[in-house]
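So the structure is just underneath, and the comments pick up after that.
The values are calculated or read from the model by the stated rules, or taken from the named source; none is laboratory data. All values derive from a computational prediction rather than experimental measurement. Methodologically, a virtual Cβ is constructed for each residue, glycine included, from the backbone with ideal geometry; neighbour enumeration extends over all protein chains shown.
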Amino acid sequence: MLNCLYCNARSIINKFDFFETLVDVLNVDVIGITESWATSQILDSELSLSGFHMFRNDRKSDNRGGGVLLYVHEKFKPVEFTPVVNFQNNVWCQIGDLFVGVCYRSGNHAIVGDDNNDKLLQMIKEVSNKNVIIMGDFNYPEIDWISQTVDSSARGDCKSFMDTVEDCFLTQHVLDCTRDNAILDLVLTREPELVSEIEIGDKFSSSDHNMITFKIHHSSPSAVRKPIMRNYQDGDYNSIRCHLSTVDWDSCMTGSANECWLTLKNLLLTLEE
């Protein structure tokens, strides 16, 4: 079973300290983020999480909004997957036989183009025959997911999306509002029993979207590994002490309390190795 977190961040860059603390507290294995607002000018090192593989697809530097991120704990040995259909804001990986995707559908046709919705539907059809889970912000407030109906005033692309979900036999698991009075953020699966314990949480820092946590019922053989058993009785503690005595603590212990703690923790774990 994998613990999952999804959120629309509305810029992850200036909220990364909050994000790292949240991941640590929730003890999650898979994280999907939409509206990262990251561009090619942001280094991987600025977005990386210790112990996780990161997959990213940035927004274009001259556009507003957009950008998606996917983090999977390294113990599951995820590998990148790229659909054939070139939908603009999506990122994917494969965990064993499970395909995990994060998508963001912007309604701004001036930015994404008039064919963006068609590409989204084509991509969904492409992956729908796989053991798949798709999370993201799809921006379809006109859909009532409890009654599985579309408001009569909805645009044609909204109705096409609903038809595609039904034609591909996908299950949409989020039934509570994620932004104001609308369900904009979705979790879609091919297997209805793949996901459970969907919970709508607080807003992600200053974002106007609520976070979603849930569990994926999936066992990956690659996730099974023998635990490392350390013989602390024979540890080389003199070398550890000598190294610590050479550390310039004044230059290391800068930033917030959480940053100082992470610096110290990572140093101790490195010495332990």
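Looking for something at pLDDT 90 or above and either exposed (fewer than 11 other Cβ atoms within 10 Å of the Cβ) or not aromatic (F, W, Y) (or both) - is there at least one such residue anywhere in segment 219-229?
Among the residues of segment 219-229, not one is at pLDDT 90 or above and either exposed (fewer than 11 other Cβ atoms within 10 Å of the Cβ) or not aromatic (F, W, Y) (or both), which makes the answer no.
Counting only residues that are part of a strand (DSSP E or B) and aliphatic (A, V, I, L, M), which one in segment 1-31 is farthest from R56 (Cα to Cα)?
Only one residue fits best here, namely L2.
Among (1) surrounded by 12 or more Cβ atoms within 10 Å (Cβ to Cβ); (2) modelled with pLDDT of 90 or more, where does S245 come up short?
Failing condition for S245: (1).
Examine segment 163-170 for a residue that is at negative phi and outside any helix (DSSP H, G or I), and state whether such a residue exists.
yes
When only residues in segment 109-126 that are in contact with a Lys or Arg (Cβ under 9 Å, 6 or more places away or on another chain) and either hydrophobic (A, V, I, L, M, F, W, C) or assigned to a loop (DSSP other than H, G, I, E, B) (or both) count, which is farthest from M54 (Cα to Cα)?
Initial filter on segment 109-126 (in contact with a Lys or Arg (Cβ under 9 Å, 6 or more places away or on another chain)): 111-113, 116-117, 120.
So of that shortlist, the ones also either hydrophobic (A, V, I, L, M, F, W, C) or assigned to a loop (DSSP other than H, G, I, E, B) (or both) come out as 111-113, 120.
Values: I111: 26, V112: 24, G113: 27, L120: 22 Å.
Top of the filtered list is G113.
Residues checked against (1) in a loop (DSSP other than H, G, I, E, B); (2) touching a Gly at 6+ places or on another chain (Cβ under 8 Å); (3) within 20 Å of H217 (Cβ to Cβ):
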{"residue": "W37", "(1), (2), (3)": "yes, yes, no"}
{"residue": "S45", "(1), (2), (3)": "no, no, no"}
{"residue": "S48", "(1), (2), (3)": "yes, no, no"}
{"residue": "R59", "(1), (2), (3)": "yes, yes, no"}
{"residue": "V85", "(1), (2), (3)": "yes, no, no"}
{"residue": "G101", "(1), (2), (3)": "no, yes, yes"}
{"residue": "G107", "(1), (2), (3)": "yes, no, no"}
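Look through F138, F161 and report the one residue that is in contact (Cβ under 8 Å) with a residue 40 or more places away in the chain, more than 21 Å from the chain's Cα centre (by Cα) and under 23 Å from G67 (Cβ atoms).
Values: F138 fails: more than 21 Å from the chain's Cα centre (by Cα).
None of the other options fit; the residue is F161.
Name every residue in segment 1-18 that is touching a residue at least 12 places away in the same chain (Cβ under 8 Å) and out of contact with any helix residue (DSSP H, G or I) (no Cβ under 8 Å at 6 or more places or on another chain), in order of residue number. Don't jump to the end; show me each part of the working.
Going residue by residue through segment 1-18, those that are touching a residue at least 12 places away in the same chain (Cβ under 8 Å) are 1-13, 15-18.
If the condition is that a residue be touching a residue at least 12 places away in the same chain (Cβ under 8 Å) and out of contact with any helix residue (DSSP H, G or I) (no Cβ under 8 Å at 6 or more places or on another chain), then M1, C4, Y6, C7, N8, R10, S11, K15, F18 are the ones that fit.
Is one or more of the residues making up segment 25-48 crowded, with 21+ Cβ neighbours inside 10 Å, in contact with a strand residue (DSSP E or B) (Cβ under 7 Å, 6 or more places away or on another chain), under 20 Å from C158 (Cα atoms) and at pLDDT 95 or above?
Within segment 25-48 (the criterion being crowded, with 21+ Cβ neighbours inside 10 Å, in contact with a strand residue (DSSP E or B) (Cβ under 7 Å, 6 or more places away or on another chain), under 20 Å from C158 (Cα atoms) and at pLDDT 95 or above), the answer is yes, since at least one residue qualifies.
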